[in-house]
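Q: Encoded as structure tokens, here's the structure I'll be asking about.
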Amino acid sequence: MTFKQADRLKGIPMSRTRVMLRKCQELRAAGEKVTALTLGEPDFDTPEYITMACKKALDDGLTKYTDSTGPLELREAICRKLKRENGLVYCPEEISVTSGVEQGTFAAFMSFLNPGDEVLVQDPVYLTYTTIPGIAGATVKTYSLLEENDFQPDMNQLRSLVTDKTKMIAIVSPGNPTGSIFTRESLEAIAELAREKNLLVVSDEIYERLTYGEKDEVVSIASLPGMKERTILLNGLSKSMAMTGWRIGYMAAPPELIDPLNRMAFYMTAGATSFAQYAAAEALDGDDGSAEKMRLEFKKRRDYLVGEINEMENFSCIAPQGAFYVFMNIKKTGMKSEEFCDYALEQYRLAMMPGDVFGQCGEGFVRLSYAASRQVLEEAVCILKDIDHEISQKMV
Ligand SMILES: Cc1ncc(COP(=O)(O)O)c(C=O)c1O
């Protein structure tokens, strides 16, 4: 029997991040020790006040379907969070809870892109953003985030990419894999372009609470004049509250946008897991200080990793302002990103993500996740020093 996959999946590859994770799993299964800086997942446990709230929801029998957009108490808690932390005013009817930001991204692209439409996406970027528009039959045009430009968008380039088919601009800030935060000036320029060309904006703010505060404040583009009505704001609890497995995200958008999003999301999951949602309301309203503790620990790890890398001869990086990734420049080695990562894994059992996984502009970089324990980071630094030394020796 032959079953042909749907045409819309042609050319849609399995995520290369999964390929790297599988390689690590295979090595570990064979008894090898692998030092991995691959995962975009906090190594902390979910704070106890949240797991307690989940247990209570289970004990209270809150195990039935919820409203497909999320229980009112969670949507109200999200509105309070957006007001308190982002200065944004939404009502509960403008919020839709999703199974992670991943579902929100899928719903946003599938609800508003037709075949032939164009969407502007940053490069490098989390893979979902260059993959899902293709499933919708739309074309991705990438705008470059270059290290020499502090990983900020170049507005001349961005403008030059707009055609009469352009429907949307996607923004991920703080970014994965760069950790860069779009400055207020960059966001104002993007907002101006969106208003002028009547574009929708999808703003992924999942790392918005994980910032290290020396340079840039995090601004939600939805807070800029005339932007709420054209923005689909995506956020969630996976990263900032160590809740990746709970699968809780949300979309915030005005009625004209949330109605199609709700219809699309309904046919995907008919709602997120009930007890995880009740616990998420507690996660947003309550605060036992653990989120801030995690953020401060990430900052320490970032400072350590950045300091060590910039002492090495063949590698360098700029200090990321947010998220939990360092985007390390390996251009001096003369190796391609994938070649470098394969070599580090094969010879030293150090796993990292090749930068080109995230787009052409990521070539010559590798992504190191510092959502790993201090011990793992120290091991990784020792290995990187060995690799650095070996490369320098070869160069003489
Ligand atoms: C930029 C970005 N958006 C969305 C996601 C997925 O988030 P969630 O776990 O909420 O689906 C990730 C995960 O790595 C990410 O880096």
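Q: Under 19 Å from a point 7 Å along the Cα-to-Cβ line of Val34: which residues of the stretch 329-359 have their amide N that close?
A: 337-358
Q: Per-residue HN-Hα couplings for the stretch 139-147, Karplus 6.51 cos²θ - 1.76 cosθ + 1.60 at θ = phi - 60°, whole Hz, x for Gly and Pro?
A: 10, 8, 10, 9, 10, 7, 10, 9, 4
Q: Next question. Taking neighbour counts of Cβ atoms within 10 Å as a proxy for exposure, in what order, fewest first, do Phe315, Phe44 appear?
A: Ordered from fewest to most neighbouring Cβ atoms within 10 Å, Phe315, Phe44 come out as Phe44, Phe315.
Q: Ranked from highest to lowest mean number of other Cβ atoms within 10 Å per residue, what is the order of the peptides 296-307, 121-132, 383-394, 98-109?
A: 98-109, 121-132, 296-307, 383-394
Q: Using helices alone, what [θ] at 222 nm do you get for the chain, with -39,500 (n - 2.57) per DSSP H run of 4 or more residues, divided over all residues and rounded to the nearest 500?
A: Result for the chain: -13500 deg cm²/dmol, rounded to the nearest 500.
Q: Shifting gears a bit: Placing +1 on the Cβ of each Lys and Arg and -1 on the Cβ of each Asp and Glu in the stretch 264-389, which of Phe298, Cys361, Met312 has its Cα farthest towards the positive end of the resulting dipole?
A: After comparing all options, I get Cys361.
Q: Let me ask you something else. State, to one decimal in nm, how far the label point of Cys382 lies from the label point of Val19, with both points 7 Å from Cα in the Cβ direction.
A: With each label placed 7 Å out from Cα toward Cβ, I get 3.1 nm.
Q: Between His389 and Gln5, what length in nm is gained on full extension when 0.36 nm per residue of separation is reduced by their alpha carbon distance?
A: Gain on extension, His389 to Gln5, equals 133.4 nm.
Q: Further question on the same structure: If I stretch the segment between Arg184 and Glu26 completely, what's the gain in nm (0.36 nm per residue apart, minus their alpha carbon distance), one decimal?
A: Result for the pair: 52.5 nm of gain on full extension.
Q: Once the Cα atoms of helix 72-86 and of the chain are each reduced to a long axis, what angle between those two axes, in degrees from 0 to 90 to the nearest 10, is obtained?
A: Result, in degrees: 60.
Q: If you don't mind, another one. Can you tell me the FRET efficiency between Tyr65 and Gln375 if r is taken as the Cβ-Cβ distance and R0 is 51 Å, rounded to the nearest 0.05?
A: It comes out at approximately 0.75.
Q: To make sure I understand the rule: partners must be aspartates and glutamates, Cα under 12 Å from the Cα of Lys33, and not fewer than 8 residues away in the same chain. Which ones qualify?
A: Within reach: Glu346, Glu379.
Q: With label points built 7 Å along Cα→Cβ from the Cα atoms of Glu41 and Glu339, find their separation and express it in nm.
A: Here the modelled spin labels are 3.2 nm apart.
Q: Using Cα-Cα distances under 8 Å and only pairs 6 or more residues apart, what relative contact order does the chain have, in percent?
A: Value for the chain: 23 percent.
Q: Apply the Karplus parameterisation 6.51 cos²θ - 1.76 cosθ + 1.60, with θ equal to phi minus 60°, to every residue of the stretch 238-245 and state each ³J(HN,Hα) to the nearest whole Hz, in sequence, with x for glycine and proline.
A: Working through the residues one at a time gives 3, 8, 6, 10, 6, 10, 4, x Hz.
Q: Right, here's the next one. Can you pull out the GluC sites (Glu not before Pro) in the stretch 122-226 that DSSP calls coil and that have at most 10 other Cβ atoms within 10 Å?
A: Numbers: sites: Glu147, Glu148, Glu185, Glu188, Glu192, Glu196, Glu205, Glu208, Glu214, Glu217; in loops: Glu205, Glu208, Glu214, Glu217.
The qualifying sites are Glu214, Glu217.
Q: For Ser316 and Asp259, compute 0.36 nm times the residue count separating them, minus their Cα-Cα distance, and round to one decimal in nm.
A: Extra length available between Ser316 and Asp259 comes to 15.9 nm.
Q: Out of residues 5 or more away from Leu145 or on other chains, whose amide H comes under 5 Å of its own, with H placed 1.01 Å from N in the peptide plane?
A: Asp123
Q: Let's see if you can work this out: charge +1 on each Lys and Arg Cβ, -1 on each Asp and Glu Cβ, no other charges. What is the dipole magnitude of the stretch 202-300 about its Cα centre, in debye to the nearest 20?
A: 280 debye
Q: Now for a separate question. Among the trypsin sites (Lys or Arg not before Pro) in the stretch 42-78, which ones are in a DSSP loop with at most 11 other Cβ atoms within 10 Å of the Cβ? Mind listing them?
A: Those satisfying the criteria are Lys64.
Q: A further question follows. Report the residue, chosen from Leu233, Leu210, Leu199, that carries the largest GNM mean-square fluctuation when the chain is represented by alpha-carbon nodes joined by springs under 10 Å.
A: The residue that fluctuates most here is Leu199.
Q: Using only Cα atoms, locate the centre of the stretch 31-59 and the centre of the stretch 351-394, then give the distance between them in Å, rounded to an integer.
A: Using only Cα atoms, the two centres lie 24 Å from each other.
Q: Let me ask something additional. Using only alpha carbons, build the gyration tensor for the chain and give me the equivalent ellipsoid semi-axes, biggest first, whole Å.
A: 33, 26, 21
Q: Label point 7 Å out from Cys91 along Cα-to-Cβ: which residues of the stretch 234-266 have amide N under 15 Å?
A: From the stretch 234-266, the list is 253-259.
Q: Spelling out what I want: for every residue of the stretch 333-344, take phi, set θ = phi - 60°, compute 6.51 cos²θ - 1.76 cosθ + 1.60 (Karplus), and round to whole Hz; glycine and proline get x.
A: Result, rounded to whole Hz: 6, x, 9, 6, 4, 5, 4, 4, 5, 4, 5, 5.
Q: Taking the Cα centre of each part, how many Å lie between the stretch 63-112 and the stretch 222-266?
A: 6 Å
Q: A further question on this structure: Under 5 Å between amide H atoms, partner at least 5 residues away or on a different chain: which partners does Thr166 have, H built in plane at 1.01 Å?
A: Glu118
Q: Using amide H atoms built 1.01 Å from N in the peptide plane, name the residues 5+ places from Ser316, or on other chains, whose amide H lies under 5 Å from its own.
A: When sequence neighbours closer than 5 places are left aside, the close amide H contacts are Asn329.
Q: Rounded, prolate or oblate: which fits the stretch 127-173 when a ≥ b ≥ c are the square roots of the eigenvalues of the alpha-carbon gyration tensor, with rounded for a/c under 1.5 and prolate only if a/b beats b/c?
A: oblate
No value in this document is a laboratory result; all are computed from the given coordinates. Please read these numbers as outputs of a predicted model, since none were measured by experiment. Methodologically, a virtual Cβ is constructed for each residue, glycine included, from the backbone with ideal geometry; neighbour enumeration extends over all protein chains shown.
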